[in-house]
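Everything on this sheet refers to the single structure shown next.
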Amino acid sequence: MDKILVCIKRVVDYNIKIRIKPDESGVITEGVKMSINPFDEIALEEALRVKESGNANEVIIVSIGPDDCQQQLRTGLAMGADRAILIQHDHIIEPLKVAKLLHKIVEQENPGLILLGKQAIDDDCNQTGQMLAELCSYPQATFASELTVNENSLKVIREVDQGLETLEVDLPAIVTTDLRMNEPRYVKLPDIMKAKKKPMDVMDANDFEISLEPSIKVISVTPPPPRESGIMLDGVDQLFVALKDKGLINE
Ligand code: AMP
């Protein structure tokens, strides 16, 4: 295939302890370390491996979000992507609107394969890949843990509740990546320098004639209740009494 398109979301780094805004309107992102969504890093690593094995000519990364997304796109370029596209938008954007914007890029670039993460770790929606597949009328393989490129198709192993499912999908196709697909490479300093010279196209989301108005209203975001501290018990008899007291067993 000629091109692989990889969709990259800028999210709060997974090592950061999330703090909620005092007015419960969302999560504090100011002054917080931001990174590429981990599943998208896996998607990019896979795209680079497909290209390195001679099965693709170009890896393009695309992100939708504020101008600061350029930082994550530069990291993606340093990992090895050939060029980047930023669709600039300063407000929260729902999966369907993201999918509609990505669809425009798919129409423009005609990639043979589109890779996304199975979910973004900030909204946990797990929707964008599926919606994009519908908009493009392409086959989809979600939660992929292994991918083999054949001439006009892909063999994909998916992680499902019952075990592993093996699928064959015709290309072009949409694949969303699961955690065990690969281990993304580390970025080296010379690659960071080289990435500064790679092309980055910046577009305005408002130029696509797609309504970006949210259709969902977030009423409140609250932290989970603090975990109760544990108790030390002296043997199985005490354990039975404690479980009975909590109503977790009858006898
Ligand atoms: P979600 O449906 O929000 O859980 O996101 C699933 C995947 O869609 C992510 O792992 C990304 O690959 C892609 N995606 C979601 N939002 C964006 C965005 N703003 N820019 C680029 N890709 C995105």
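A few notes on this one:
- Using every pair of distinct Cα positions in region 3-224, the Kirkwood expression returns a hydrodynamic radius of 17.8 angstrom.
- For region 31-150, the ratio of Cα radius of gyration to the globular rule of thumb 2.2 N^0.38 Å stands at 1.02.
- Computed from Cα positions, the angle between helix 95-109 and the longest principal axis of the chain comes to roughly 20 degrees.
- What the chain shows is 59 Å² of accessible area per residue, with the surface traced by a 1.4 Å probe over protein heavy atoms.
- Magnitude of the charge dipole for the chain, about its Cα centre and with charges confined to Cβ atoms of Lys, Arg (+1) and Asp, Glu (-1), is about 740 debye.
- Nearest 10 degrees, 0 to 90: helix 236-245 Cα axis against the chain principal axis: 80
- Crossing angle, helix 69-79 versus the chain [Cα axis fit, 0-90 degrees, rounded to tens]: 80
- Peptides 8-15, 99-106 ordered by average Cβ neighbours within 10 Å, highest first: 99-106, 8-15
- Counting only protein heavy atoms and a probe of 1.4 Å, the accessible surface of region 54-165 is 42% carbon and sulfur.
- Most to least packed among 167-176, 142-151 [average Cβ atoms within 10 Å]: 167-176, 142-151
- Dipole moment magnitude, nearest 20 debye, region 43-163 about Cα centre, only Lys, Arg, Asp, Glu C-beta charged: 260
The values are calculated or read from the model by the stated rules, or taken from the named source; none is laboratory data. If you're wondering where the values come from, they're calculated on a predicted model, not measured in any experiment. Methodologically, a virtual Cβ is constructed for each residue, glycine included, from the backbone with ideal geometry; neighbour enumeration extends over all protein chains shown. All accessible areas refer to the heavy atoms of the entire protein, side chains included, with ligands and DNA or RNA removed. Shrake-Rupley method; radii C 1.70, N 1.55, O 1.52, S 1.80 Å.
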